[in-house]
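*Asks:* Can you keep this structure in mind? I'll have questions shortly.
The values are calculated or read from the model by the stated rules, or taken from the named source; none is laboratory data. This structure is a prediction, so every number in the text was calculated from the model and none was measured. In this analysis, Cβ positions are derived from the backbone assuming ideal geometry, glycine residues included, and neighbour counts consider all displayed protein chains. Surface accessibility is based on the protein's heavy atoms, side chains included, excluding ligands, DNA and RNA. Shrake-Rupley method; radii C 1.70, N 1.55, O 1.52, S 1.80 Å.
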Amino acid sequence: MTSLLRARPRPAPPLVAVAHGSREPGALRTVTALLDLVRSLRPGLRVELGHVELNEPLLPDTLEALPAGEAVLVPLLLGRGHHVKHDLPGAAAAAGHLSVPIAAPLGPHPLLAEALAGRLAETGWSAAGASRTGG
């Protein structure tokens, strides 16, 4: 009787959340809380943080610290600006020991527009009022 060998599932590559960085101390706390939540929802998944600028760890340092293989960059950025188009691909290319696909940035995405509309509504803002031309 032959036994069938089952291939072990390949572990998910580490996720590297890429934040812009900020001089505002609350920004780092917010990003850290987000990553803690992701880790709690996906135990066993390696989740690291790299910043484009202003805070440590900087993205190149985070990538350098990862073992050879694959890592996925997850931009915590709101659009496809210079950082997403140039800085992230540059950092990925410089990490020669890694294969580094880059996920899409957070925006523009309909869920962000919904969240923004909700936050604006909390302040009393209304779309109807914003559409008036004033006079």
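*Asks:* In this structure, does A71 turn out to be of a type outside the set (V, I, T), over 12 Å from the mean Cα position of the chain (by Cα) and surrounded by 15 or more Cβ atoms within 10 Å (Cβ to Cβ)?
*Replies:* On the way: of a type outside the set (V, I, T): yes; over 12 Å from the mean Cα position of the chain (by Cα): yes; surrounded by 15 or more Cβ atoms within 10 Å (Cβ to Cβ): yes.
Yes, satisfied.
*Asks:* Let me ask you something else. Can you give me the number of residues within segment 79-115 that are modelled with pLDDT under 85 and open to solvent by 100 Å² or more (accessible area, probe 1.4 Å)?
*Replies:* 2
*Asks:* In segment 116-127, which residue that is open to solvent by 70 Å² or more (accessible area, probe 1.4 Å) and in a helix (DSSP H, G or I) is modelled with the highest pLDDT? Walk me through it before giving the result.
*Replies:* Applying the first criterion (open to solvent by 70 Å² or more (accessible area, probe 1.4 Å)) to segment 116-127 yields 116, 119, 122-123, 125.
Now drop any that are not in a helix (DSSP H, G or I), which leaves 116, 119, 122.
Details: L116: 84, R119: 88, E122: 92.
If we take residues in segment 116-127 being open to solvent by 70 Å² or more (accessible area, probe 1.4 Å) and in a helix (DSSP H, G or I), then E122 is modelled with the highest pLDDT.
*Asks:* (1) of a type in the set (G, A, S); (2) modelled with pLDDT of 80 or more; (3) open to solvent by 60 Å² or more (accessible area, probe 1.4 Å); (4) over 15 Å from the mean Cα position of the chain (by Cα): which one isn't true of G134, the others all being true?
*Replies:* (2)
*Asks:* Any residue in segment 66-76 that is part of a loop (DSSP other than H, G, I, E, B), touching a strand residue (DSSP E or B) at 6+ places or on another chain (Cβ under 8 Å) and among the small types (G, A, S)? Before you say what the answer is, go through the steps one by one.
*Replies:* Narrowing segment 66-76 to residues part of a loop (DSSP other than H, G, I, E, B): 66-68, 71, 76.
Subset that is touching a strand residue (DSSP E or B) at 6+ places or on another chain (Cβ under 8 Å): 66, 68, 71, 76.
Going one step further and asking which of them are among the small types (G, A, S), we end up with 68, 71.
Within segment 66-76 (the criterion being part of a loop (DSSP other than H, G, I, E, B), touching a strand residue (DSSP E or B) at 6+ places or on another chain (Cβ under 8 Å) and among the small types (G, A, S)), the answer is yes, since at least one residue qualifies.
*Asks:* Taking interchain pairs and intrachain pairs at least six residues apart, which have beta carbon atoms under 9 angstrom, with the first residue in segment 54-83 and farther than 18 Å from T32 by Cα and small (G, A, S) and the second open to solvent by less than 30 Å² (accessible area, probe 1.4 Å) and part of a loop (DSSP other than H, G, I, E, B)?
*Replies:* From segment 54-83, the pairs are G69/P14; A71/P14; A71/A95; A71/V100; G79/P105; G79/G107; G81/P105.
*Asks:* Turning to a different aspect of this structure: Only one of these is surrounded by 14 or more Cβ atoms within 10 Å (Cβ to Cβ) and not in a loop (DSSP other than H, G, I, E, B): L37, L49. Name it. Before the answer, list the steps.
*Replies:* On the way: L37 fails: surrounded by 14 or more Cβ atoms within 10 Å (Cβ to Cβ).
The unique qualifying residue is L49.
*Asks:* Considering only segment 8-27, state which residues are closer than 24 Å to P101 by Cα and either of a type outside the set (D, E, K, R) or touching a residue at least 24 places away in the same chain (Cβ under 8 Å) (or both).
*Replies:* Going residue by residue through segment 8-27, those that are closer than 24 Å to P101 by Cα are 8-21.
Hits for segment 8-27 are P9, P11, A12, P13, P14, L15, V16, A17, V18, A19, H20, G21.
*Asks:* Still on this structure, I have one more. Give me a count of the residues in segment 8-34 that are open to solvent by 80 Å² or more (accessible area, probe 1.4 Å) and under 13 Å from the mean Cα position of the chain (by Cα).
*Replies:* Qualifying residue count, segment 8-34: 1.
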